[in-house]
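Below is one structure; the comments refer to it alone.
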Amino acid sequence: MKVVRRSSWRASLISALFLTLALGRTGFAQAPTLPPQPISLAEARAIIEGAVALAREKNTRIGVVVLDSASSEMVAGEHMDGAPGRNIMFAQGKAFAAITYRTTSEALSELYKTRPDRYFGILNMYGNKIYLVGGGIPLVVDGKLVGAVGVAGSNQDELYAQAGIAAWEKVRADLRK
């Protein structure tokens, strides 16, 4: 029978402890990053109301959708009286593009001119879930993606999306409490 000395056992334990601490040291030094707080229904309503308010001023009928970044699921969506219901589907496709690629759907639509292989690759990958036309804008808080807004129904959809974002930014601090 082999006898293990007590001193070598302690030395092995201490060495293992130091090695564990040394290898895991960077994990202790970094503060954990919290996932972004999901966009609330109240925030989504503020975005929709801001976009719709501008559309009313310009006598335009639009559909607006707000998606959550964590799941790309719809938080809220609405189409104005007189706007076709399909605008919701178009707006959702634009917002999905903005979340997936973390840029505007307008920027993605430009791929057709510069990188048609990538443009058609994206369309083939996502099928009818994505719409690469202007009007989808990512929503960012403190540098973190929290969602996206999509607007459809006019030839100035990005303008209405920006109006919705501006309205949200005015009330965001109060809504996130």
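Just to be sure before I move on: is M125 of a type in the set (A, V, I, L, M, F, W, C) and either under 16 Å from G63 (Cα atoms) or outside any helix (DSSP H, G or I) (or both) in the structure I sent?
Against the criterion (of a type in the set (A, V, I, L, M, F, W, C) and either under 16 Å from G63 (Cα atoms) or outside any helix (DSSP H, G or I) (or both)), M125 does not qualify.
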Of the residues in region 90-111, those that are over 16 Å from the mean Cα position of the chain (by Cα) and buried (at least 20 other Cβ atoms within 10 Å of the Cβ) number 1
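What residue, among those in region 45-65 that are among the hydrophobic types (A, V, I, L, M, F, W, C) and touching a Gly at 6+ places or on another chain (Cβ under 6 Å), is surrounded by the fewest Cβ atoms within 10 Å (Cβ to Cβ)? Lay out the reasoning, then the answer.
Of all residues in region 45-65, those among the hydrophobic types (A, V, I, L, M, F, W, C) come to 46-48, 51-55, 62, 64-65.
In the following step, the residues that additionally are touching a Gly at 6+ places or on another chain (Cβ under 6 Å) were identified as 47, 51, 62, 65.
Details: I47: 31, A51: 31, I62: 28, V65: 30.
Among residues in region 45-65 that are among the hydrophobic types (A, V, I, L, M, F, W, C) and touching a Gly at 6+ places or on another chain (Cβ under 6 Å), the one surrounded by the fewest Cβ atoms within 10 Å (Cβ to Cβ) is I62.
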Enumeration of residues in region 128-165 that are at pLDDT below 95 and on the phi > 0 side of the Ramachandran plot: D142, G143
Could you figure out which of (1) of a type outside the set (D, E); (2) under 19 Å from the mean Cα position of the chain (by Cα); (3) at pLDDT 95 or above isn't true of N87? (2)
In this structure, is I99 part of a strand (DSSP E or B), under 29 Å from E57 (Cα atoms) and out of contact with any Phe, Trp or Tyr (no Cβ under 6 Å at 6 or more places or on another chain)? no
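The values are calculated or read from the model by the stated rules, or taken from the named source; none is laboratory data. Keep in mind the model is a prediction, meaning the values are calculated, not measured. Glycine gets a Cβ as well: all are built from the backbone with ideal geometry, and neighbour counts include every protein chain shown.
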